[in-house]
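As structure tokens, the structure follows; a few thoughts come after it.
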Ligand code: GAP
């Protein structure tokens, strides 16, 4: 992890938030490359979950909602971790982190035995809406995006004219005042979720849960996370919410252990029923065929953007051997991102920066590719160094414009370039006119 965190900072993927003021625990900023990686992930999720399906539509709800939402959903009452304070070292600990030695509770920090009883600590951030700061104006920053979908279920159903089963997808920020933010961005206080609420009839729930688990596993493989590093955990009844009928966690083998990436949960009709009861507004579905009215059940695949970005970086990080300028083997740090996810798709290099024709041709290629993908032009330093810089940030392709491109050595090679593959480091000649098509086949 140390190497990964340091690379992320050095190359502009992820920085500590408000760093010049000492930072703020559990909060992170994404730099120029991190933001591209994150966008590629969110866009691909949206493409697979919304655009490529007939049965899912999207929405974008507000982060602040009426406090009544959080009362009805149960978050105000129960969205808490039991906490224990150590009176010796003053550490605040999640109750499940306390060591139990033959019935004696011990602080994992200092070994002290003087601990308070567990107390509930609500994870939602409070805030006030409007000019007065009192109970009547209080609400919370949303701890999950799902609730906006539930409260707008009826409106979205009506405007989209969908029939069951159908889903509503959303990507957006969520906030939790985690007690122990840790493992880099893995447990943060501000993060993004990609959630689908898939509404169905009660009798379809269990089958759809398994369907969505399979779909979600396919998704991870399509973004370059190997199946061997993913683990499906069936959440046992005692760990599930009382209303949940079944629940899978998709876990990833991070360098710090096997940890949850996504939950695929069968939430029954709990959420819609709660909001119908609390708001007094019908959230029922009318089945035209059977003429029945009922509250749909819901299956929810809920993934974390930041955790998946971290998994992508962990999965991609590799060190191998590559020849330097003089042909001597040296250690190469390379991020082997799937081309779909890579922040920059192609580096474009004129062999020499002081040759006007090479530079002009390389810039023409930049203009040719830019409408299709994010490319990077680099003319500084030896060509091997330029390749290495792109390898380290995971750029899958490199295009070099050389004298053959200008037709100086062999007229048949005029307007062809060297296309280098990041992983194999193999090079081949490709006609400039075929470049966009060749690259698009791999990155889309
Ligand atoms: N709507 C259901 C829900 O929010 P969750 O298991 O609490 O379920 C879903 O959260 C996903 O959100 C998790 O699998 C994880 O990827 C991400 N997530 C939750 N808490 C997080 C945190 N503190 N930091 C980063 N990601 C988090």
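Where a ≥ b ≥ c are the square roots of the eigenvalues of the C-alpha gyration tensor, would you call the range 312-444 rounded, which needs a/c under 1.5, or, failing that, prolate if a/b is larger than b/c, or oblate?
The shape class here is oblate.
In vacuo Debye scattering of the chain, one point per C-alpha: log10 I(q)/I(0) at q = 0.10 Å⁻¹?
-0.85
In terms of the ratio Rg/(2.2 N^0.38 Å) built on C-alpha atoms, what value belongs to the range 118-180?
Output field value: 1.52.
By DSSP, what percent of the beta bridges with both residues in the chain are antiparallel, rounded to the nearest 5?
85
For helix 32-46, what angle does its Cα long axis make with the longest principal axis of the chain, in degrees from 0 to 90 and rounded to 10?
In the chain, helix 32-46 runs at an angle near 60 degrees to the longest axis.
How far is it, in nm, from the label point at residue 63 to the one at residue 372 when both lie 7 Å from their Cα along the line to the Cβ?
It is 3.7 nm.
Quick check: from the Cα gyration tensor, does the range 204-251 come out rounded (a/c under 1.5), prolate or oblate?
Because a/c hits 1.5 or more and a/b fails to exceed b/c, the range 204-251 counts as oblate.
For the range 315-444, what proportion of DSSP beta bridges, expressed in % and rounded to the nearest 5, is antiparallel?
65
Stick to the Cα atoms of the range 303-377, pair each with every other, and give me the Kirkwood hydrodynamic radius in Å at one decimal.
15.1
Say each of residue 352 and residue 137 gets a label point 7 Å from the Cα, pointing the same way as Cα to Cβ; how far apart are those two points in nm?
Each label point lies 7 Å from its Cα, and together they span 6.9 nm.
Against the longest alpha carbon principal axis of the chain, how many degrees, from 0 to 90 and to the nearest 10, is the axis of helix 432-443 turned?
With both axes taken from Cα atoms, the answer is about 30 degrees.
Using Cα springs under 10 Å in a Gaussian network model of the chain, which residue among 207, 141, 272 shows the largest mean-square fluctuation?
Largest GNM mean-square fluctuation: 207.
Points 7 angstrom from Cα along the Cβ direction at residue 128 and residue 102: gap in nanometres?
5.4
Going by alpha carbons, how many degrees (0 to 90, nearest 10) lie between the helix axis of 356-369 and the longest principal axis of the chain?
Helix 356-369 sits roughly 30 degrees off the main axis of the chain.
What FRET efficiency comes out for residue 173 versus residue 330 if R0 is 45 angstrom and r is the Cβ-Cβ distance? Round to the nearest 0.05.
Efficiency computed from Cβ-Cβ geometry: 0.60.
Calculate the length of the line joining the C-alpha centroid of the range 257-278 to that of the range 27-96, in whole Å.
Result: 13 Å between the Cα centres.
Say R0 is 60 Å: what FRET efficiency, to the nearest 0.05, do residue 110 and residue 426 get from their beta-carbon distance?
Calculated transfer efficiency: 0.60.
Tell me, what is the FRET efficiency for residue 360 and residue 319 to the nearest 0.05, using R0 = 45 angstrom and their Cβ-Cβ distance as r?
Efficiency for this residue pair is about 0.75.
Using a cut-off of under 17 Å, list every residue of the range 271-295 whose amide N is near the label point 7 Å from the Cα of residue 201 along the Cα-to-beta-carbon line.
284-295
Can you sort 46, 28 from fewest to most other Cβ atoms within 10 Å of each residue's own Cβ?
Listed from fewest to most nearby Cβ atoms, that is 46, 28.
Rounded to two decimals, what is the ratio between the C-alpha radius of gyration of the range 15-120 and 2.2 N^0.38 Å?
Against the empirical 2.2 N^0.38 Å value, I get 1.65 for the range 15-120.
If one computes the Cα centroid of the range 313-386 and of the range 214-252, what distance in Å separates the two points?
First find each Cα centre; the distance between them is then 36 Å.
Shape call for the range 378-444 from the C-alpha gyration tensor, a ≥ b ≥ c root eigenvalues: rounded (a/c under 1.5), prolate (a/b greater than b/c) or oblate?
Oblate, since a/c reaches 1.5 and b/c is not below a/b.
We did not get these values from a lab; they are worked out from the coordinates using the rules stated. Since we're looking at a predicted model, the values are computed, not measured. Counting neighbours? That spans all protein chains shown, and the Cβs are built from the backbone with ideal geometry, glycine included.
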